[in-house]
Each structure stands twice: as structure tokens, then as C-alpha cells.
1. Let me have the 222 nm mean residue ellipticity of the protein assembly as shown computed from DSSP H runs of 4+ only, each contributing -39500 (n - 2.57), with the sum over all residues rounded to the nearest 500.
2. Please state, to two decimals, what the Cα-based radius of gyration of the protein assembly as shown comes to when divided by 2.2 N^0.38 Å (N = residues).
3. Can you tell me the length gained on complete extension of the stretch B:Phe13 to B:Asp115, counting 0.36 nm per residue apart and subtracting the Cα distance?
4. Ignoring ligands, DNA and RNA, what percent of the accessible area of chain B is carbon or sulfur (1.4 Å)?
5. Determine the shielding of peptide A:183-195 by partner chains: average, over its residues, the number of Cβ atoms on other chains within 10 angstrom of each Cβ.
6. Across every pair of different alpha-carbon atoms, what Kirkwood hydrodynamic radius in Å does region A:2-227 reach?
7. Would you mind working out the accessible area per residue for region A:146-265, using a 1.4 Å probe, and quoting it in Å²?
8. Arrange the peptides A:172-184, B:2-14 so that the one whose residues have, on average, the most other Cβ atoms within 10 Å appears first.
Amino acid sequence: MDLIINIVLGGLLIGGIYSLISMGLSLQYGVAKVLNIAHGEFLMVGAFITYWLQQNGVDPLLTIVVGGPLLFLVGFILYRTVFTSIRLKAPNTGVYESNSLLAAFGLYFIVQNIAVLIWGTTPQRFSYLASSVTILGEDFNENRLVATAFAVAIGAAFYLFLERTRIGKAIRAAAQDPLTAGLMGVDINFVLALCFGFGAAMAGLAGVLISICYPITTTMGLGYTVIAIVVVTLGGLGSIPGSFIGGFILGIIGTGVTYWEPGLAVASYYVIFIILLLVRPKGIMGK
Amino acid sequence: MHILEGEGVTKYFGGLAAVSDVSFYVDEGEVVGLIGPNGAGKTTLFNLISAALEPKTGEIRFKGKKINGLKPYQICRLGIARTFQTVKIFGNLPVIENVRIGSLFGPFKGLSTADATREANELLEFMGLSDVAYAPARDLTLAHQKRLEVARALATKPTLLMLDELMAGLNQTELIEAMDLVKKIREKGTTIVMIEHVMKAIMNICDRIIVLHHGKKIADGTPQEVANSKTVIEVYLGEASDAGN
Ligand SMILES: Nc1ncnc2c1ncn2[C@@H]1O[C@H](COP(=O)(O)OP(=O)(O)OP(=O)(O)O)[C@@H](O)[C@H]1O
Ligand SMILES: [Mg+2]
């Protein structure tokens with residue numbers, strides 16, 4: 001029983017971060033149609049910016065205010081330059097999707113190589129809110145609670161943004177049918193760039209939150225990309241609430257498998273992924 | 001004044017000239033019918049005007065200004081709106097949200113959210129869709145979905161409205177309603193170009209008819225002129241006898 005409580009709580013405490021990265025990928029892949037293999041690299045960059053600022057005396061949680069907008073800008077500009085050109089040159093969506101996947105692969109190597117040059121490959125960590133808190137008889141670090149609270153708050157704020165604002169409406173229309181949305185007056189190139197930018201920002205923010213809880217390395221990005229791909233499939237491609245809930249589900253499953261056999265965690269994600277593709281490719285919230 | 005003009009408009013798909021050297025005009029306030037056998041290039045011409053496709057050669061002008069090369073959203077904001085032969089509503093979104101997107105982004109200067117909601121409600125009322133305003137759009141009947149497309153197009157405040165087979169697949173009652181609707185829209189001063197296979201509707205509503213065949217314009221005139229044109233009769237009779245064989 002204790003073990004189950006521990007797994008569920010532990011899963012929820014990592015799940016919020018999974019939700020955040022997955023919501024980001026859902027915008028990039030579900031709306032902008034870029035299967036962004038470099039998604040985790042934005043997370044890694046967010047984590048290392050936090051580390052670097054922390055070393056220079058800046059409170060890690062303050063990095064959210066800098067890191068989010070900065071990575072948004074990088075993502076936005078990347079889409080406006082590279083991916084928009086790919087989209088406009090592609091004769092159809094299929095070609096656009098495969099070419100942008102290849103471009104994202106390139107991006108993955110470029111970002112990672114530069115990060116390795118700057119920060120090396122040794123794991124880094126700093127101590128932040130490291131005192132321990134007891135929940136239902138289980139001990140957890142305070143920083144994991146804070147990170148989860150921030151992840152949930154950011155995720156909820158973003159959901160409201162999509163539901164309530166003009167831009168949110170444009171994004172949801174573009175998600176369904178970009179061409180028709182364009183003919184209704186939505187500037188598609190701009191909206192898709194926004195989506196890519198928001199996706200990068202969400203990954204970056206997840207990186208900030210990860211860095212205050214766990215050791216970070218310049219090669220950690222890909223693992224999170226895999227998690228995001230599985231969660232987006234689990235939640236339903238393009239469904240923001242689906243990614244949010246899916247993140248927690250995968251958090252619990254991953255924590256459970258890790259208790260039993262740490263080496264099988266990633267394998268279990270792929271098993272879930274393949275089962276989903278076979279049984280319910282639309283995901284839990286897919287329409 | 002010519003509100004819309006095309007000059008030598010041409011579009012190829014591979015080796016096929018879907019629209020071939022077509023020149024045309026539409027005057028302000030007119031209702032122009034665009035007819036022709038299946039595959040004549042009618043929808044392609046709409047796609048070229050609305051910037052869903054770009055012409056290989058030729059020029060399209062709206063209110064005297066060249067518009068080919070612009071982005072779809074720019075075309076929309078200049079005042080051109082359209083509906084689709086196969087409906088393209090935002091199925092997952094509620095009916096009212098479909099219309100609101102038109103009012104929020106379509107007009108040259110977009111409306112505030114509150115104004116957009118008020119206007120969407122008015123348009124739904126005008127279209128007789130108020131009862132289903134909050135249903136997901138994909139749950140509507142085909143006739144209602146087509147009307148929703150018209151509502152959404154009108155929400156963008158067009159001066160030129162292009163209707164692609166609005167009447168296809170409708171039953172007799174719905175057909176009469178749709179014809180009334182087109183007349184009501186024209187009374188508001190909107191210029192209309194409509195692609196239609198339902199001859200009764202075309203003959204009844206249009207001031208002028210343009211006929212396409214194999215991508216070429218083969219006739220252009222009043223409903224009487226077109227109905228009596230030898231070339232047009234041959235094309236349509238040829239179709240009928242092909243179908244008979
Ligand atoms: N995206 C496309 N790619 C390739 N060929 C196309 C494309 N769109 C249309 N065509 C071809 O171009 C020609 C004209 O098609 P279009 O849809 O414009 O005809 P239409 O006059 O609207 O016919 P219908 O009355 O059946 O709707 C057809 O031969 C069609 O197969
Ligand atoms: Mg057609």
C-alpha cells in the first residue's frame with residue numbers, strides 16, 4: 001500500500017513537468033505539424049540557462065520570467081524563417097511534415113553540440129528548496145512540490161489562454177484546418193509561428209522546473225522528447241487537455257516501472273506508444 | 001465598375017490545364033453564375049481567386065488592384081469570402097465559434113470579442129441557426145453546415161461572396177430556402193459569384209452566367225443568351241449523350 005501511494009505521488013510530482021513539455025509538443029506537432037525532435041533540446045537549454053543564472057546568484061524561479069519569453073522568441077523566429085519556408089515550398093502537407101521532421105533532426109544536433117561545447121557533458125546540479133516534506137507518510141523534496149505547482153499553474157494558464165483569447169481561437173481554428181482559417185482572415189504563418197514559439201517556451205519552462213529538482217546534462221533532451229511524443233499520442237494529437245492529463249498518467253506509469261526495473265522505463269513508454277497506435281490512435285481525448 | 005477581373009488566368013495540375021487562359025469580370029452588385037460540366041475548372045477558379053492556389057500566368061484584380069500573390073488572409077480582409085463545395089467547417093468547434101472566427105479575423109479591422117459575439121448571434125439568427133448555436137458544428141445536417149459556411153463567410157464582411165455549389169445535395173424545401181437566402185444576401189448589396197449545377201437556381205437568380213468547359217471559358221452572357229448558345233447546348237448535350245452511352 002505504501003509503495004502504491006509512493007508511486008502515485010511520485011508520478012504526480014513528475015507528471016506536471018511531463019504535461020508541460022507535452023502541451024508544448026502538442027502545439028508544435030498537433031497544430032504547426034512539426035514533429036519537433038529537438039523539443040527536448042529547448043528543455044535542456046532552459047535548464048542550463050537556469051543553472052548558469054543560479055551560479056551567478058539569480059533565484060531559479062525568477063528564470064521563468066526570462067527563460068519563457070526568450071525561448072518563445074527563439075522558437076517564433078525559427079518557425080518564421082526555417083519552417084515557414086519549408087511549408088511554403090512543399091507541394092503538400094505530407095512533404096512539409098517530412099521535411100520539417102528532417103530539419104528538426106538537424107536542429108537537435110546543432111543545439112546539442114553547441115550546448116556540449118559550452119557546458120560539457122558532466123551532470124550539473126544545484127541545491128534549491130531541498131528540505132523534505134511529508135505527504136501521506138511519504139517524504140518528498142520541497143522543490144518537487146514547487147515545480148509541480150508551477151507546472152500545473154502554467155499549464156492551466158495556457159489552457160485558459162487558448163480558450164478565452166482571440167489568438168487562442170485563431171490557434172484552435174488553425175489546428176483544425178489551416179487553409180480554411182486563412183480564408184477566414186487568420187494569418188496562418190504568424191499563428192503557426194506563435195504555436196512553435198509557445199511550444200519552445202513550454203519546453204524551456206519545463207527545463208527550468210527540472211533543473212531545480214534533478215541533476216541536468218546537456219544530453220538529457222532526447223529522453224524528454226520521447227516522453228512528449230508518447231504523451232501527445234496518449235492524450236490525443238492536438239488536444240491540450242489530453243496532453244495535460246496524459247503527462248500525469250505517464251508520470252505514474254514511469255515511476256511504477258522505475259521502482260520495478262529502472263532500465264525498462266523508456267522501453268515501457270514505447271510499449272505504451274505502440275499499443276496506443278494499434279488500439280486507440282486517437283488517444284484518450286482525441287476527436 | 002468591375003469589382004473583380006481576371007485576365008488570361010491559367011492553372012496547370014501536372015500536364016492538365018484545369019483553368020486555361022480565362023478572362024472574366026464581375027460588376028459590383030451582380031449575381032454571376034459559374035457553370036460547366038464536372039471537372040470544368042470552376043472550383044479551381046475559386047481557389048485561384050481566394051489564393052488557395054496561385055495561377056501559373058495571368059492576373060486577377062479586385063477593385064482594380066492585383067490580388068494574385070497575396071496570402072489568403074489578405075484576400076479575406078480585402079473583402080472576398082467563399083464557401084466550399086465539400087464543406088470545410090471547424091467541426092470540433094461550436095457553431096457560434098465558427099462564425100465568431102470569421103468576425104474576429106475576417107474584416108479589415110477585426111471586431112472586439114463582445115461585438116463579434118453579438119454579430120455572430122445576429123448572423124445565426126439571419127441564417128436560422130440560432131437553435132443549434134452551441135452544438136459542435138460537425139453534428140449539423142449537411143443543409144445546416146452549408147448555411148453555417150455562408151454565415152461564417154458573411155461574418156468576414158465580404159463585398160464579394162463566392163458560393164461553391166451551395167444547393168447541391170439539398171432537398172426541394174431546402175433548395176427554395178437557399179435560393180431565398182442568396183436573394184436576401186444580394187439585397188444587402190453583396191456581389192455574388194455562384195457555382196451551381198442546379199439550373200433552376202442559376203436561371204432564376206443570376207444576372208449573368210459564365211460557362212467553363214475543359215478549363216476554357218466558352219460562353220458569357222445573360223441566362224437567355226447562355227441557354228440559347230449553340231456551343232453551350234452542344235457541351236451539355238454531349239455530356240448527356242456520354243452519360244447515356
Ligand atoms: N489539387 C488538385 N490536384 C490535381 N488536380 C486537380 C486538383 N484540383 C482539381 N484538379 C483537377 O482539375 C480539374 C478541374 O477541377 P475543378 O475541381 O476545378 O472542377 P469543377 O469544375 O469544380 O468540377 P465539379 O463540378 O465536379 O466540382 C479536374 O480535372 C480535377 O481533377
Ligand atoms: Mg467544383
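The values are calculated or read from the model by the stated rules, or taken from the named source; none is laboratory data. Keep in mind that what you see is a predicted model, and the values were worked out from it rather than measured. Don't worry about glycine lacking a Cβ; one is built from the backbone with ideal geometry, like all the others, and counts go over all protein chains shown. We work out accessible area using only protein heavy atoms, side chains counted, and drop any ligands, DNA or RNA first. Shrake-Rupley method; radii C 1.70, N 1.55, O 1.52, S 1.80 Å.
1. It lands at -18500 deg cm²/dmol.
2. Details: Rg = 27.6 Å, N = 532, 2.2 N^0.38 = 23.9 Å.
Scaled against compact globular proteins, the figure is 1.15.
3. This chain segment gains 32.5 nm when fully extended.
4. 52 percent
5. 6
6. Details: mean 1/r = 0.0551 Å⁻¹.
Its Kirkwood hydrodynamic radius stands at 18.1 Å.
7. Value for region A:146-265: 30 Å² per residue.
8. The packing order, highest mean first, is A:172-184, B:2-14.
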